[in-house]
Structure formats: structure tokens, C-alpha cells
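Engineer: Got a structure here, written out as C-alpha cells. Questions coming.
The values are calculated or read from the model by the stated rules, or taken from the named source; none is laboratory data. Just so we're clear, the structure is a prediction, and the values are computed from it rather than from any experiment. Cβ coordinates were reconstructed from backbone atoms using ideal geometry, including for glycine residues, and neighbour counts include every protein chain displayed. SASA here: full protein model, heavy atoms, side chains in, ligands and nucleic acids out. Shrake-Rupley method; radii C 1.70, N 1.55, O 1.52, S 1.80 Å.
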Amino acid sequence: MGDMANNSVAYSGVKNSLKEANHDGDFGITLTELRALMELRSTDALRKIQESYGDVYGICTKLKTSPNEGLSGNPADLERREAVFGKNFIPPKKPKTFLQLVWEALQDVTLIILEIAAIVSLGLSFYQPPEGDNALCGEVSVGEEEGEGETGWIEGAAILLSVVCVVLVTAFNDWSKEKQFRGLQSRIEQEQKFTVIRGGQVIQIPVADITVGDIAQVKYGDLLPADGILIQGNDLKIDESSLTGESDHVKKSLDKDPLLLSGTHVMEGSGRMVVTAVGVNSQTGIIFTLLGAGGEEEEKKDEKKKEKKNKKQDGAIENRNKAKAQDGAAMEMQPLKSEEGGDGDEKDKKKANLPKKEKSVLQGKLTKLAVQIGKAGLLMSAITVIILVLYFVIDTFWVQKRPWLAECTPIYIQYFVKFFIIGVTVLVVA
């Protein structure tokens with residue numbers, strides 16, 4: 001408590017200097033640093049805060065806010081903060097139609113292989129070899145049992161039916177997941193008011209107006225609309241199951257785990273936190289971004305960049321034509337070369353500035369596991385196909401010593417297709 005009092009006195013002493021420094025909007029901590037800090041957990045986050053900022057009050061100093069009086073509420077200051085750290089708004093994702101999700105599910109490589117194998121099997125099932133070919137080709141026949149040749153189409157049709165079932169189930173699951181996340185977003189937006197401290201007064205403001213540096217009061221039953229760091233807490237326990245899947249309540253304290261994450265529920269206690277991330281930079285916003293919520297915005301930006309680039313190219317062509325008319329062909333090449341060089345530099349910068357696709361911890365582990373299972377399944381399926389083909393070839397052309405006849409080719413191909421389908425089955429099961 002003594003430290004808090006001393007810090008309060010210190011803040012009252014620097015309050016005027018903070019107001020004077022606010023006009024340039026130059027904060028002592030960047031958006032990237034805040035995002036990196038909020039990705040840490042428990043002791044790692046506490047260690048980072050102590051090493052880089054001393055304590056949470058050091059973060060308040062860099063964010064130019066008072067832990068007791070909050071932000072001044074000056075509109076110009078709030079606009080600067082929103083310009084630097086973003087607004088507490090997650091761009092709504094346009095929901096995909098069920099047909100779009102079905103089309104995306106059909107792009108799976110395994111399903112494409114199954115479709116091709118099913119179509120080939122279905123086509124060959126209607127081929128009936130002429131009488132006498134069976135004797136020439138050996139004891140093998142189109143079907144393995146008597147009368148199976150008439151119903152050989154069932155195998156291909158069953159594979160196609162299985163593909164349809166898999167695609168419909170996958171599309172329905174994706175549609176359900178999108179609906180759940182849209183529900184989570186609407187729940188956050190429906191919490192219209194949240195309690196913050198501004199100018200030394202406790203007020204309620206719309207969730208969309210919360211910005212980085214706000215001192216927010218949290219209490220039992222709140223759904224946190226932004227990420228923050230705990231300043232003061234009283235037996236505070238948070239339900240983070242919406243982010244981590246863990247059903248146990250997490251106890252938050254200054255000396256163990258001071259990070260509070262958006263989209264989580266306050267189950268016990270109360271406290272105060274300094275807001276460190278809002279909107280797409282918060283944990284909820286990052287999840288929406290990973291799911292493609294910001295895809296449309298990126299597409300719009302790319303379209304605008306392309307339009308600007310086309311305009312620049314058109315302008316450069318006009319300038320080159322003018323230069324050619326005035327100064328001759330010798331002077332034409334210089335602006336052309338500089339323009340091309342500018343495009344190359346722009347491409348290099350664009351490549352360097354491309355953000356790496358972020359993945360959550362769970363997504364990373366599942367991706368790694370899926371790749372390992374896929375490689376093992378692919379290896380086993382390849383071994384299965386090779387063994388079946390070798391057995392068939394050795395038995396037919398070596399043991400039975402039969403030549404490869406042209407009229408037997410469709411029958412042999414049918415067997416090879418069956419072997420391939422068995423291998424694909426092994427891969428699909430994996």
C-alpha cells in the first residue's frame with residue numbers, strides 16, 4: 001500500500017509534464033511491444049514486466065496515464081491513442097455461405113484423389129471383357145466373386161457417396177464454428193457499457209470507446225472487452241475457457257499472473273487494470289484475424305495498392321513518351337530504368353514487410369501432429385500399393401507365366417485401380 005501511495009504522489013508530480021508531452025503523441029511503448037507482452041503468460045509475463053518496465057506503474061508512465069485518475073478524457077488525446085494503438089473494434093467478417101464452405105471442403109487433396117479413383121473405378125466397372133478373354137488373362141476376372149461384375153459399380157458409387165458425406169459434414173462443422181465465433185463477437189459488442197476512470201471520475205463508456213491507457217474497473221460477471229494488466233485486485237478469478245479451453249478458474253494477482261485477456265469472464269473478486277490492447281490487437285481480435293476476419297480488409301488494401309501502382313505505371317509511360325518526343329531515344333531509357341528499379345524496391349519492401357501468418361499454440365500443435373500423421377499414412381499407403389502391385393505382377397506374369405495381351409489391359413488396369421483405392425483408403429483412415 002505504501003508503494004501505491006508513493007506512486008500516486010509521483011504521478012501527481014509528473015501529471016503536468018505528461019499533459020505537456022501528450023501533444024506530440026509520442027508514447028514510451030510501441031504497439032508491437034504491447035502485443036508481444038500480452039502473448040506471454042504468468043511468470044514469463046511478470047519477468048518481462050520487471051525487466052523492461054520495473055512494474056505495472058512503469059507501463060502506465062510510458063502510456064502516459066495515471067493509475068488512480070486514468071486518462072484526462074481530452075478528445076484530441078483519445079484520437080491520438082486510437083491512431084497509434086487502434087480502436088476497440090473488430091471488423092465484422094462476412095459470413096460464408098454453406099455452398100462456399102462446401103467448395104472449400106472439396107479442395108482437400110485426399111478427397112480429390114478419392115474422387116478421381118471413384119470415377120475411374122465407376123467407369124471401369126461397366127466394362128465387360130469378351131468371352132474367352134478370361135481364359136487368356138488367367139483365372140482373374142473383373143469381380144472377385146461370381147456375379148460381382150454386375151454390381152461392380154457399387155464400389156465407385158460408395159466412394160463418391162462417402163466423399164459427399166465428408167464434404168457435407170466438414171462444411172457444416174465450419175459453418176457451426178463461424179456461427180459460434182460470430183456469437184462471441186456479438187456478445188462482446190452487446191456489452192455496451194464498461195466502467196473506466198477518466199479525469200479521476202468513475203464513469204461508464206461504450207465498449208467501442210475504450211482505448212489503450214484507460215484504467216478499467218473489473219468486477220464479478222464482467223466480460224472483458226480488452227486486454228490489460230492488473231493494477232490492483234481483490235481475490236480476482238477469471239474464466240479463460242473461451243480462449244484456452246481450461247475450465248479451471250485462473251487466479252490473477254500482481255505477483256503471479258497480472259495479465260487479463262479480452263473475451264474472458266470475471267468469476268470472482270474485483271480489481272483495476274490498465275488497458276494495453278484493443279480491437280484486432282487484443283487476444284480476441286487476434287483469434288478473429290487467425291480465422292480470416294481481416295481477410296476482406298487486406299483484399300481491399302491490396303486492390304487499392306494495385307490501383308495506385310497502375311496509375312503510377314500509366315503516369316510513368318506518359319512521362320517516358322514525352323521524354324522520347326523531346327529528348328530522343330537516348331534520354332528515354334533513364335526514366336524507364338529508374339521506374340523499373342522503383343518497382344523492384346517496392347516489391348522487395350513489400351516482401352520484407354509481409355507479416356508472417358500467426359498461429360495459436362493449439363493450432364501449431366495440431367498442424368504439427370497432422371503433418372506427422374499424414375506422412376506416416378502416406379508412407380504406409382505407398383507400401384501397401386507397391387506390395388499389392390508386385391504380388392499381382394509376380395503371380396500373373398512369373399508364376400502363371402502369362403504374357404501381357406492387349407485385350408487383357410482393361411482387366412489389369414482394373415486391378416491396379418483397386419490396389420490404388422486400397423492405398424487411398426489407408427491414407428484416408430490415417
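Engineer: Which residue out of 233, 269 is open to solvent by 10 Å² or more (accessible area, probe 1.4 Å), assigned to a strand (DSSP E or B) and modelled with pLDDT under 90? Steps first, please.
Structural biologist: Working: 269 fails: modelled with pLDDT under 90.
That would be 233, the only listed residue that is open to solvent by 10 Å² or more (accessible area, probe 1.4 Å), assigned to a strand (DSSP E or B) and modelled with pLDDT under 90.
Engineer: In the range 24-31, is there at least one residue being touching a residue at least 40 places away in the same chain (Cβ under 8 Å) and over 31 Å from the mean Cα position of the chain (by Cα)?
Structural biologist: Of the range 24-31, the ones touching a residue at least 40 places away in the same chain (Cβ under 8 Å) are 25, 27, 31.
Those left that are additionally over 31 Å from the mean Cα position of the chain (by Cα): 25.
The answer is yes, given that some residue of the range 24-31 is touching a residue at least 40 places away in the same chain (Cβ under 8 Å) and over 31 Å from the mean Cα position of the chain (by Cα).
Engineer: Moving on. Restricting the search to the range 93-121, which residues are β-branched (Val, Ile, Thr) and in contact (Cβ under 8 Å) with a residue 60 or more places away in the chain?
Structural biologist: Passing the criteria: 102, 110, 113, 120.
Engineer: Follow-up. If you scan the range 52-102, which residues turn out to be in contact with a strand residue (DSSP E or B) (Cβ under 6 Å, 6 or more places away or on another chain), in a loop (DSSP other than H, G, I, E, B) and under 17 Å from residue 259 (Cβ atoms)?
Structural biologist: Matches in the range 52-102: 67 only.
Engineer: I would also like to ask the following. Can you name the number of the only condition in (1) within 20 Å of residue 279 (Cα to Cα); (2) in contact with a Gly (Cβ under 8 Å, 6 or more places away or on another chain); (3) open to solvent by 50 Å² or more (accessible area, probe 1.4 Å); (4) hydrophobic (A, V, I, L, M, F, W, C) that residue 119 fails?
Structural biologist: Failed condition: (1).
Engineer: Let me ask something else about it. Just need a number here: residues in the range 201-244 that are more than 17 Å from residue 184 (Cα to Cα) and of a type in the set (Ser, Thr, Tyr).
Structural biologist: Looking only at that region, the number is 2.
Engineer: Does residue 244 satisfy being open to solvent by less than 60 Å² (accessible area, probe 1.4 Å), within 28 Å of the chain's Cα centre (by Cα) and of a type in the set (Val, Ile, Thr)? Let's see the steps before the verdict.
Structural biologist: Values: open to solvent by less than 60 Å² (accessible area, probe 1.4 Å): no; within 28 Å of the chain's Cα centre (by Cα): yes; of a type in the set (Val, Ile, Thr): yes.
Against the criterion (open to solvent by less than 60 Å² (accessible area, probe 1.4 Å), within 28 Å of the chain's Cα centre (by Cα) and of a type in the set (Val, Ile, Thr)), residue 244 does not qualify.
Engineer: I want to confirm something. Restricting to the range 247-261 and keeping residues that are in contact (Cβ under 8 Å) with a residue 24 or more places away in the chain and surrounded by fewer than 21 Cβ atoms within 10 Å (Cβ to Cβ), which single residue is nearest to residue 34 (Cα to Cα)?
Structural biologist: In the first step, residues of the range 247-261 are kept if they are in contact (Cβ under 8 Å) with a residue 24 or more places away in the chain; the result is 254-261.
Still in the list and also surrounded by fewer than 21 Cβ atoms within 10 Å (Cβ to Cβ): 254-257.
Working: 254: 18, 255: 19, 256: 19, 257: 16 Å.
Among those residues, the one meeting the criterion is 257.
Engineer: Restricting to the range 406-423, name every residue that is under 14 Å from residue 389 (Cα atoms) and of a type outside the set (Ser, Thr, Tyr). Lay out the reasoning, then the answer.
Structural biologist: Our first condition is that a residue be under 14 Å from residue 389 (Cα atoms); within the range 406-423, this holds for 411-423.
Of everything in the range 406-423, those that are under 14 Å from residue 389 (Cα atoms) and of a type outside the set (Ser, Thr, Tyr) turn out to be 411, 413, 414, 416, 417, 418, 419, 420, 421, 422, 423.
Engineer: Let me ask something else. In this structure, does residue 80 turn out to be in contact (Cβ under 8 Å) with a residue 24 or more places away in the chain and either open to solvent by 50 Å² or more (accessible area, probe 1.4 Å) or touching a Leu at 6+ places or on another chain (Cβ under 7 Å) (or both)?
Structural biologist: It is true that residue 80 is in contact (Cβ under 8 Å) with a residue 24 or more places away in the chain and either open to solvent by 50 Å² or more (accessible area, probe 1.4 Å) or touching a Leu at 6+ places or on another chain (Cβ under 7 Å) (or both).
Engineer: Does residue 99 satisfy the criteria of being farther than 29 Å from residue 400 by Cα, under 26 Å from the mean Cα position of the chain (by Cα), modelled with pLDDT of 55 or more and not aromatic (Phe, Trp, Tyr)? Before the answer, list the steps.
Structural biologist: Details: farther than 29 Å from residue 400 by Cα: yes; under 26 Å from the mean Cα position of the chain (by Cα): yes; modelled with pLDDT of 55 or more: yes; not aromatic (Phe, Trp, Tyr): yes.
Here the answer is yes, as residue 99 does meet what is asked.
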